[in-house]
Amino acid sequence: MSGLDKLFSGMRATSMGLSAERVRMDTIATNIANSRTTKTASGGAYRRQMVRFEPVLTKDGNGNISSMGVRAADVVEDYTTPMERIYDPANPDAGNDGYVEMPNVSATREMADLVTAMRAYEANISAQENFTRMAERALQIAR
């Protein structure tokens with residue numbers, strides 16, 4: 001792989017990282033927006049969404065596998081975190097026992113996840129800017 005190929009593969013990897021982290025930030029925003037939604041189209045309280053990442057792999061002519069970056073594979077519901085139940089018999093979504101099932105969204109957890117997603121996004125932007133500067137320098141040298 002030539003130096004130029006390595007430069008462009010690095011740019012592709014950071015672009016994929018930016019895209020994946022953007023999906024993650026959008027998902028976190030959706031979770032925060034629905035943190036009090038007690039009734040969804042499927043009938044129950046909103047369930048927290050999580051982004052599942054996966055590597056994007058490539059195989060060369062010799063059968064060597066290498067990573068081209070990461071992508072957001074899909075968005076899945078969080079079934080491991082329990083739903084909260086609060087006593088609010090006046091709520092129209094309360095059951096016969098007066099309890100309302102609340103979303104399993106914690107604002108604190110979502111904000112912590114948002115900070116880490118933003119940091120990863122910023123790191124990818126920084127790397128992308130470095131690749132751009134390297135490409136510009138290479139062009140100046142080639143003149």
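If you take the residues of the range 114-143 that are of a type in the set (A, V, I, L, M) and within 20 Å of Ala20 (Cβ to Cβ), which of them is surrounded by the most Cβ atoms within 10 Å (Cβ to Cβ)? Walk me through how you get there before you give the answer.
We begin by selecting, within the range 114-143, every residue of a type in the set (A, V, I, L, M); these are 114-115, 117-118, 120, 123, 125, 127, 134-135, 138-139, 141-142.
In the following step, the residues that additionally are within 20 Å of Ala20 (Cβ to Cβ) were identified as 114-115, 117-118, 120, 123, 125, 127.
Values: Leu114: 17, Val115: 11, Ala117: 20, Met118: 14, Ala120: 17, Ala123: 14, Ile125: 14, Ala127: 17.
Checked the range 114-143; the qualifying residue surrounded by the most Cβ atoms within 10 Å (Cβ to Cβ) is Ala117.
Which members of the range 42-80 meet the condition of being at pLDDT 95 or above, farther than 21 Å from Tyr121 by Cβ and in contact with a Ser or Thr (Cβ under 9 Å, 6 or more places away or on another chain)?
Ala45, Tyr46, Arg47 - these are the residues of the range 42-80 that are at pLDDT 95 or above, farther than 21 Å from Tyr121 by Cβ and in contact with a Ser or Thr (Cβ under 9 Å, 6 or more places away or on another chain).
The values are calculated or read from the model by the stated rules, or taken from the named source; none is laboratory data. Keep in mind that what you see is a predicted model, and the values were worked out from it rather than measured. All Cβ positions, glycine included, derive from the backbone under ideal geometry; neighbour counts span all protein chains shown.
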